[in-house]
Amino acid sequence: MNQELLRRLPSVEKLLHALGETEGLPRALAAHLVREYVARLRAGAAEGQAPPEFPAAVEQVQEELAAFARSRLRPVINATGVMIHTNLGRSPLPERAAEAVRDIACGYTNLEFDLDTGERGKRARFLETALAALTGAEAATVVNNCAAALVLALRHLTAGERKEVIISRGELVEIGGGFRIPDIMETSGAVLREIGTTNRTRADDYRAAITPRTGMLLQVHRSNFYIEGFTETPDLADLATIAREHGIPLVCDLGSGAMVDTQQCGLAEHEPTPQEMLRRGADLVCFSGDKLLGGPQAGILCGRADIIAGLKRDPFYRVLRCDKLAAAALQEAALACLEHASAPEGTPLPLLLMMSAPLETLRARAERLMSISAEVSKSFTLAIGTGTSRCGGGTMPKSSLPSITLDLRPLRGSVEALAARLRLGSAPVVGYIEGNTLKLDLRTVLPPQDEVLASALATAAENC
Ligand SMILES: *Cc1c(COP(=O)(O)O)cnc(C)c1O
């Protein structure tokens, strides 16, 4: 009888022919998706499920193609209030970073070419020097992301007999997306030597765990959570003393690594900077390019020149190196940070502007948006509300900033349906739901996007 069901399966050719247009997807890509669809029907038929009639199948395929087309990478308006939103691509880049990428993307560049001599040059020398200056380190280098930086450091520093890395149980964290620091560390071949307890680890615990097999001491910054109460964490300077006594490197995984004083930006927490870690005695610090630095995805390693040189000679470094586009974007983000350090008024970094945007400015934008969106009130009401923005990206979980929101309340239908309408528009808007209200936090909406947001609101109102 399943033979009968199988005979009723629509043919890929016929479906493709019946589709009007392919949602802007190349024909070959649409064909791939249609084949997948028919394969699913075939699997269902084998289990006794009847395939849909041909017109229904065409409709289903058309819907699937449209949903697939929407998943193509494109700009999204982040109205969630989460500034470093990992699911939305973490930090927005400064304009100059995008320009630098555009300038070299379709042509050639002096990536590994010395224009002075006309010969092969050092890759990313300018970038590495800028990052060393920014972090106050002897030297710096860059790999694919912070996780890669950590694995490279572990592989390199725990080679040979010294396989063990000493880490506190209070720092065996999960960094998000189901990825856990201990699992990432073990892929390097290093052996974790856990010490202390979840809430308390003392300097003496590190001292007692050191053996001839110890390759490094590691401190992982508790970036996305905090522990309170009966806690104890040794001072980095004390760990540095112990490390030096035994001739073992002290490595610090900072995760985000602030480039500026986060408390000056109105945040409650002080996010440690790579400079501070190095000054307090870390030999090597790694952090992300796309968290508080405000650059592209990258992992930055900074610290002792001999260690950085060793890392760059490691064959594994070649596996993890970042490409010319990321290097160009990071170069400009680093320069913007350096310029900000000497002239805080100039060279605005989008993330810093976002953090330091005064409530009055956000309110003025909200009022303007209200005035140009007056028409939308047929399908939902629009009001100015308040909210709380957060750093996100596993950074400063205790810090929040007061913010101004546009509050949308549906006049018919559910608030979830309203949220979906805004997400599915040609300029997707992602907010958050609180009770029966869809809140759009204006702190994370980049000011030049206000016009787009206004027309997205108008479109959502029409399609109600
Ligand atoms: C975010 C984070 C990482 C991972 O950084 P990626 O750049 O995403 O690889 C590693 N360690 C800590 C402590 C982090 O917060």
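The values are calculated or read from the model by the stated rules, or taken from the named source; none is laboratory data. Being a predicted model, the structure only gives us computed values, none of them experimental. Ideal geometry is used to build each Cβ from the backbone, glycine not excepted, and the neighbour counts take in all protein chains shown. For the accessible areas, the whole protein counts, side chains as well, though only heavy atoms, and no ligand, DNA or RNA atoms are used. Shrake-Rupley method; radii C 1.70, N 1.55, O 1.52, S 1.80 Å.
At-a-glance table
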quantity	calculated
Alpha carbon centroid spacing (whole Å) that separates segment 78-123 from segment 291-324	15
For the chain, accessible area per residue (1.4 Å probe, heavy atoms of protein chains only), Å²	49
Average Cα contact separation per residue, segment 296-446, under 8 Å, 6 or more apart, as relative contact order %	17
Within-12-Å neighbourhood charge of Asp450 [Cβ basis; K, R +1; D, E -1]	0
Gained length - Arg244 relative to Ala427, 0.36 nm times residue gap less alpha-carbon distance	60.4 nm
Other-chain or far-sequence residues with amide H under 5 Å of Ala282's (modelled H)	none
Computed accessible area, Val12, all protein chains, 1.4 angstrom probe, square angstrom	30
Exposure of His156 as accessible area (Å², to 10), given a probe of 1.4 Å and all protein chains	60
Label-point separation, Asp183 to Arg40 (7 Å along Cα→Cβ), nm	2.6
Contour excess over end-to-end distance, with Cα ends at Asn199 and Phe126 and 0.36 nm allotted per residue	22.1 nm
Estimated distance in nm for a label pair at Ile372 and Leu353, the labels positioned 7 Å out from Cα along Cα-to-Cβ	1.6
Val82 long-range amide H proximity, modeled H, under 5 Å	Arg390
Percent RCO, i.e. relative contact order, over the chain, from Cα pairs under 8 Å lying at least 6 residues apart	19
Global form of the chain, assessed from the alpha-carbon gyration tensor, a/c cut-off 1.5	prolate
Relative contact order (percent, whole number), segment 73-133, Cα cutoff 8 Å, 6+ residue spacing	15
Carbon + sulfur, % of accessible area of segment 234-275 - ligands and nucleic acids excluded, 1.4 Å	45
